[in-house]
2 protein chains.
Amino acid sequence: MTLYFEDLKPGRVFKAGPVTVDPAEAHDFASSYDPQAFHLDEAAGLASVFGAMVISGWQTAAYTMRMLTSSELSRIANGLVGLQLDKVMWHQPVKPGDTLSAEFDVMGRKHSRSKPAFGVVQLAWRTFNQHGELVMSLENAIWVAVRDPDGKAAA
Amino acid sequence: MTLYFEDLKPGRVFKAGPVTVDPAEAHDFASSYDPQAFHLDEAAGLASVFGAMVISGWQTAAYTMRMLTSSELSRIANGLVGLQLDKVMWHQPVKPGDTLSAEFDVMGRKHSRSKPAFGVVQLAWRTFNQHGELVMSLENAIWVAVRDPDGKAAA
């Protein structure tokens, strides 16, 4: 079912994943976008502030986006269109071979004043590893089409 | 020259780039991490809220990270270790073929209370396209080693 602003009620939770971090994919991502030694080399990882080879925090975010795009939230009418992120934090390093899962909570929403056919929905993202430990969290404002802009949609 | 906390004085600006968005690389990134039709298909992009095929906002961030890792800031003693991001905003869509550049401003810093050998430095990231338009901005707290933890390093 296609999702609209009206469907994203505060308190609703969407679950997603899992996805396992493929070591070759982690190497490719780091080589392309974050080629720091602690993302590419075991010995450099051991000697780093992380004490192990860890994946780029940007790839943890990208994997969480992958999970989001295969979750029920991918059915939003106008797609997943991010407006802003806040409080993006990496709580635990992620290592090649780890398995991630994610939860997306609807925290709040408001209609757009300038474009009544749309609203802004606030999501909280949480990404966990296979031990249930929180590895990343963030707050994300997305742009969501209203099903019934001229009607009596819930505020 | 290796950079330490003492070197990252508020007001200092680091420039980076340029990098051109390779269409095949944009397709690969979207396929792997953000497989929404408006990132993969011209016709779907035209019909979307963007009015054009655009790259994933996560890839704009990843390209900016690539530029950061080849800037002078890559010489930070302990590497580029992000603690938190805030106010991540995408101001203009980025299209395959666009050329990006970036600036990183030191906004502030403070010594760590719990670990005197480190401090937290606040950076403002700004990413521009080939027309000089701001396409992405964010605030980033990074973890930086102190050169002289027992001495009289500038506060």
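Miscellaneous remarks
- Over 31 Å (Cα to Cα) - which of B:LYS9/B:LYS95; B:LYS15/B:LYS87; A:LYS95/B:LYS87; A:LYS95/B:LYS9 fall in this group: B:LYS9/B:LYS95; A:LYS95/B:LYS9
- Chain B: most fluctuating residue of B:ARG113, B:ARG75, B:ARG66 per GNM, C-alpha cutoff 10 Å: B:ARG113
- Kirkwood hydrodynamic radius of the protein assembly as shown, Cα pairs, Å: 20.3 Å
- Per-copy distances of the A:ARG113 label point, shortest first, in nm (7 angstrom along Cα→Cβ): 3.8
- Inter-copy spacing of B:HIS131 label points, which lie 7 Å from Cα along Cα→Cβ, given in nm from shortest upward: 4.9
- Cα-only Debye scattering, the range A:73-155: base-10 log of I(q)/I(0) at q = 0.15, 0.16, 0.22, 0.23 Å⁻¹: -0.63, -0.68, -1.02, -1.07
- Inter-copy label distances for A:THR2: 5.8 nm (label point placed 7 Å from Cα along Cα→Cβ; shortest first).
- Relative contact order %, chain B, counting alpha carbon pairs below 8 Å whose residues are six or more apart: 29 percent
- Dipole magnitude of chain B about its Cα centre (Cβ charges: Lys, Arg +1; Asp, Glu -1), debye to nearest 20: 840 debye
- Modelled FRET efficiency - R0 30 Å, B:SER31 with B:ALA77, Cβ distances, 0.05 increments: 0.25
- Against chain B, whose longest principal axis comes from its Cα atoms, helix B:57-69 is set at around 40 degrees.
- Between B:HIS91 and A:LYS115, the C-beta separation translates, for a Förster distance of 22 Å, into a calculated FRET efficiency of about 0.85.
- Across peptide A:85-92, the mean count of Cβ atoms from other chains lying within 10 Å of each residue's own Cβ comes to 5.
- Think of each Lys and Arg Cβ as +1 and each Asp and Glu Cβ as -1; about the Cα centre, that makes the dipole of the protein assembly as shown roughly 1140 debye.
- 17 Å reach of a label modelled at A:ALA43, 7 Å along Cα-to-Cβ, counting backbone N of the range B:1-26: none
- Neighbour net charge for B:THR20 - beta-carbon separation under 12 angstrom, K R +1, D E -1: -1
- Here the range A:5-145 was treated as a single set of alpha-carbon atoms; its pair distances binned every 5 Å from 0 give 2, 10, 18, 20, 17, 12, 9, 6, 4, 1, 0 percent.
- Look at the dipole of the range B:1-40 built from charges on Cβ: of B:ALA30, B:MET1, B:PRO18, the Cα furthest out on the positive end belongs to B:MET1.
- The range A:30-69 - Debye-derived log10 I(q)/I(0), Cα point model, q = 0.23, 0.31, 0.33, 0.35 Å⁻¹: -0.69, -0.93, -0.99, -1.05
- Partner shielding of B:70-79 amounts to 2, given as the average count of beta-carbon atoms from other chains within 10 Å of each residue beta-carbon.
Read-outs throughout are calculated quantities, based only on the coordinates presented, and are distinct from any laboratory measurement. Worth saying up front: this structure is predicted, and the values here are computed from it rather than measured. Methodologically, a virtual Cβ is constructed for each residue, glycine included, from the backbone with ideal geometry; neighbour enumeration extends over all protein chains shown.
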